[in-house]
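Step one of this worksheet: look at the structure below.
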Amino acid sequence: MNTQYKINKLDTSGVGPLVDRHWRELREAKEKGMKIAWCAGPMFVYAYATPNIASHFMAGYAAYCGGRGMADEVLEAAERYGELRDTCSYHRLHTGMAAMIMNDWPVSNPQVLLPMPDLLIGGRFCTEMSHYMEAIHRRFGIKAVTIEIPSARSREDLPRLEKFLTDQVKETLIPAIEEVSGSKFDEENMRSILRPWKETCIIRNKCWEFFKLKPSPWTLWDYGVSIAPVFYAMGKPESLEYYNNLLKQLEERTEKNIPAVHPDGEKYRLYWDGWLPWSFLGKFIRMMIPYGAIPIAGRYPWEFFPHPEDINTEADDIIHEWIRLIYTSPNTLSYHDGPWGGQEHIEDLIQTYSIDGMLFFSSNSKYRKKIRHTRDCH
Amino acid sequence: MEEIMKQFVEYPSDPYTSIAKWKENTKKKVIGIFPMWIPEEIIHAAGMLPVVMWRSNEAITWGYAHVPPYNCAINKSVVDDAVKGKLKFMDGMVFLRQCLQSQEVPFIVENNRPPAFEEYLYLPPIYHGDKASKDFTRDEFKRLRKRLEEFGGEKITDEKLNESIKLYNKNRSLLRKLYDLRKENPGILRGRDVLRIVWSSMLMPKEEHNKLLESLLSEMEKNGYKTAKGKKVFLSGCLCIHPQLELLDMIEDLGMLVVDDDIYVGYRYFANDAEITDDPIGALMERHFIKTPVDPARGEVEVNWGKELIGKVKKLNADGIITLLTKYCPPHLCYYPDIKVELANAGIPEVLIEVEHEVISLESIKTRLQSFREMIGGR
Ligand code: SF4
């Protein structure tokens, strides 16, 4: 008899209010006399650590717009300005929103309105991130600082890349932040945010351990919707609370043998490569579930501060410490993010999470991580 | 003239065979470099022939096992050529990080058909012109020099490097002279010929190319500069690849004359010299940071491509701009809307043509070019 598989989602409803609060606070920040920074890539930490700067983490906006059913409207605004469809949708969402604000074009759901920035910080992990900073700079004259963060080709390259990034940050980014904020960069404040953030991510990583179980008590999509607190409530108690609650649910499910897939758990465990299709999570899982297949692991969701254990929040040079995490720390993000280390990383995820099959989500509207890791196929 | 042109055409007509033949005859090493900013001079000073990788002469097939169709033409094409073994006459390859797509090509090549020598340069963008980026670039060039010394077994002295820079500067200045002649005498050469002259410079030894250029320029002077009549247009964009020759013919057939460009297989390739100094690596580094012609892949915040184009068009008294956009090239795609707005505000007519590797519908391009021709003054 054919098994009728059914998904059993975790309760992730705590994310909504937390995310809404973040966006509300961001919209109100200007009235409180704060400066605004729009940030793409890992350099956002420095703006976030600056007390009178409210930071908008740009990668999260696509998921937010998608969730509020506003992605199409904002993307259309971008096209009305002249943006071409072959660019990344993260790019067009921001240039579209900027066009809406600056031209007073109507926005049917004001929840997605963003405050215009005083500073743009583009971390060129992905080079296109810098292109949207440049575009907004050209159109509205907003100061743009773009920092090159190359993915390492080999582990040997890591120390010099780390030095290069540190030099850029100290020479260019920190002075720009100081200029916009009007005060000296507050290293102690950075530590005070990183400490609880580290604690939160350690709990989040305990949740990841449950992906190793067969059957799995949750899916990659449950985690996908739970990513937001990592950066929207960075270092805040509510983010720790969210993951503690998630952990509790996972422990309970494990204890009571409740799998993510009814009746007896998943048949196939999938690796998902590429970004998560925020607006179509439901659509995709509905395609997989009749076969008993669920996504379990992927590189993209593992990108956000994946190894909190590697950071020393008490380091003397805390500015450099964040960069060390990207390059020469034991679990180097920069190497794993690039094509070379990416292959190692994928192999590791496949082993660790007992993956049965792989899905490469390679979309032309977001360029990162799209090569196929093929070898000797001819 | 015809005889000289024949020699220019030889390499672009079949780069695979011509370069392999050169290698066979000279017993020297050939190093393929990925467009657009790898300093060829360092490779030349190592006694090897640097050749700029090109868009291939056939449809992509095996390459699609490695890159999706929505990668830009040069990426798809180099990957396809490499995995098919068509580039095996190259002793080495040098890649760079200039955009997301180009950083992935060496990975695929290494995994499938690794050349004997391979290097990957992390060349940074030039936004802030900061000390960090300059020092880093200098170190990258030094690293390339050292790696080539190890591979070739020959020391690359500063003297040798300066000799190579001189040779390359000469080539650039001759090409600029040719371009100046075209600006003053529109139609002096067909668009397809100008393209093949520049392209051949990317493929053949500069020593030979310089001789050919000198002969061509003196021949042209002897014959008198014959111009043609037509609307004057400026070609812009076309990063990393050469446009189809048929496209250039079509522009002329519709009564337009290309008087200048900033395309890669064009002015962009030979725009900037490196200085001759006691520190040639430093001079190559300084050239990397020159902000014009604006290069969207290298990043800019202080200069503006749209404004740069307006300045050029006004100076040339050109009638309009034909933008050639390498399909799926994010640096150009992201910049284009602002160029369009700038040009519209300045009242400069412009048309956008997307350039792909293979799927190019000349009929639809013709329709667009026809209406553009009418816009700038109908026939
Ligand atoms: S054409 Fe554009 S996308 Fe392609 S390699 Fe060149 S700069 Fe990169």
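Condition first: more than 10 Å from every other protein chain (Cβ to nearest Cβ) and touching a residue at least 60 places away in the same chain (Cβ under 8 Å). Can you find one or more residues in segment B:98-109 that meet it?
The answer is no; no qualifying residue exists.
Would you pick out the residues in segment A:126-149 that are in contact with a strand residue (DSSP E or B) (Cβ under 8 Å, 6 or more places away or on another chain), in a loop (DSSP other than H, G, I, E, B) and surrounded by fewer than 23 Cβ atoms within 10 Å (Cβ to Cβ)?
A:ILE142
Of all residues in segment A:250-262, which are open to solvent by 40 Å² or more (accessible area, probe 1.4 Å) and part of a helix (DSSP H, G or I)?
Passing the criteria: A:GLU251, A:GLU252, A:THR254, A:GLU255.
More than 14 Å from chain B (Cβ to nearest Cβ) and either in contact with a Cys (Cβ under 8 Å, 6 or more places away or on another chain) or in a helix (DSSP H, G or I) (or both): which single residue out of A:GLU179, A:GLU188 fits that description?
A:GLU188
Which count do you get for residues in segment A:150-168 that are crowded, with 24+ Cβ neighbours inside 10 Å and more than 8 Å from every other protein chain (Cβ to nearest Cβ)?
Residues that pass the stated criteria total 2.
Does any residue of segment B:56-63 turn out to be away from chain A (no Cβ under 14 Å), crowded, with 21+ Cβ neighbours inside 10 Å, in contact (Cβ under 8 Å) with a residue 40 or more places away in the chain and of a type in the set (S, T, N, Q)?
Yes.
Among the numbered criteria (1) open to solvent by 30 Å² or more (accessible area, probe 1.4 Å); (2) in contact (Cβ under 8 Å) with a residue 60 or more places away in the chain; (3) more than 9 Å from chain A (Cβ to nearest Cβ), which one does B:LYS327 miss?
Only one criterion in (1) open to solvent by 30 Å² or more (accessible area, probe 1.4 Å); (2) in contact (Cβ under 8 Å) with a residue 60 or more places away in the chain; (3) more than 9 Å from chain A (Cβ to nearest Cβ) is unmet by B:LYS327, namely (3).
Having 2 or more residues that are of a type outside the set (Ser, Thr, Tyr) and within 16 Å of the ligand (Cβ to nearest atom) is the bar; report the helices (runs of 4 or more DSSP H) wholly within segment B:1-98 that clear it.
Passing ranges, in order: B:73-84.
From the list B:HIS66, B:HIS44, which one is more than 14 Å from every other protein chain (Cβ to nearest Cβ) and buried (at least 22 other Cβ atoms within 10 Å of the Cβ)?
Result: B:HIS44 is the single residue among B:HIS66, B:HIS44 that is more than 14 Å from every other protein chain (Cβ to nearest Cβ) and buried (at least 22 other Cβ atoms within 10 Å of the Cβ).
Any residue that is of a type outside the set (Lys, Arg) and within 16 Å of the ligand (Cβ to nearest atom) - is there at least one of those in segment B:208-228?
no
Being more than 23 Å from the chain's Cα centre (by Cα) and within 12 Å of chain A (Cβ to nearest Cβ) is the filter; apply it to segment B:341-376 and report the residue that is most open to solvent (accessible area, probe 1.4 Å).
Selected residue: B:ALA344.
Among the residues of segment A:313-353 satisfying the criterion of being more than 13 Å from chain B (Cβ to nearest Cβ) and of a type in the set (S, T, N, Q), which is farthest from B:GLU110 (Cα to Cα)?
Among residues in segment A:313-353 that are more than 13 Å from chain B (Cβ to nearest Cβ) and of a type in the set (S, T, N, Q), the one farthest from B:GLU110 (Cα to Cα) is A:THR313.
Filter segment B:248-267 down to the residues that are surrounded by 23 or more Cβ atoms within 10 Å (Cβ to Cβ) and part of a helix (DSSP H, G or I), then identify the one that is farthest from the ligand (Cβ to nearest atom).
Out of the qualifying residues, it is B:ILE251.
Report yes if some residue within segment B:280-299 is within 16 Å of the ligand (Cβ to nearest atom), within 25 Å of B:PHE270 (Cβ to Cβ) and acidic (Asp, Glu); otherwise report no.
Yes, there is a match, as at least one residue in segment B:280-299 is within 16 Å of the ligand (Cβ to nearest atom), within 25 Å of B:PHE270 (Cβ to Cβ) and acidic (Asp, Glu).
I need the full set of residues from segment A:128-149 which are without any contact (Cβ under 8 Å) to a residue 24 or more places away in the chain and more than 7 Å from chain B (Cβ to nearest Cβ), in order please.
A:GLY141
Being within 16 Å of the ligand (Cβ to nearest atom), polar (S, T, N, Q) and open to solvent by less than 20 Å² (accessible area, probe 1.4 Å) is the requirement here; does B:SER200 meet it?
Against the criterion (within 16 Å of the ligand (Cβ to nearest atom), polar (S, T, N, Q) and open to solvent by less than 20 Å² (accessible area, probe 1.4 Å)), B:SER200 does not qualify.
Can you work out which of the residues in segment B:273-318 that are of a type in the set (S, T, N, Q) and surrounded by fewer than 16 Cβ atoms within 10 Å (Cβ to Cβ) is nearest to the other protein chains (Cβ to nearest Cβ)?
My answer is B:THR292.
The values are calculated or read from the model by the stated rules, or taken from the named source; none is laboratory data. Here the structure is a predicted model, which means the values were calculated and not measured. Heads up, the Cβs are rebuilt from the backbone with ideal geometry, glycines too, and the neighbour counts pull from every protein chain shown. Ligands, DNA and RNA are stripped out before the accessible areas are found, and what is left, the full protein with its side chains, is counted by its heavy atoms. Shrake-Rupley method; radii C 1.70, N 1.55, O 1.52, S 1.80 Å.
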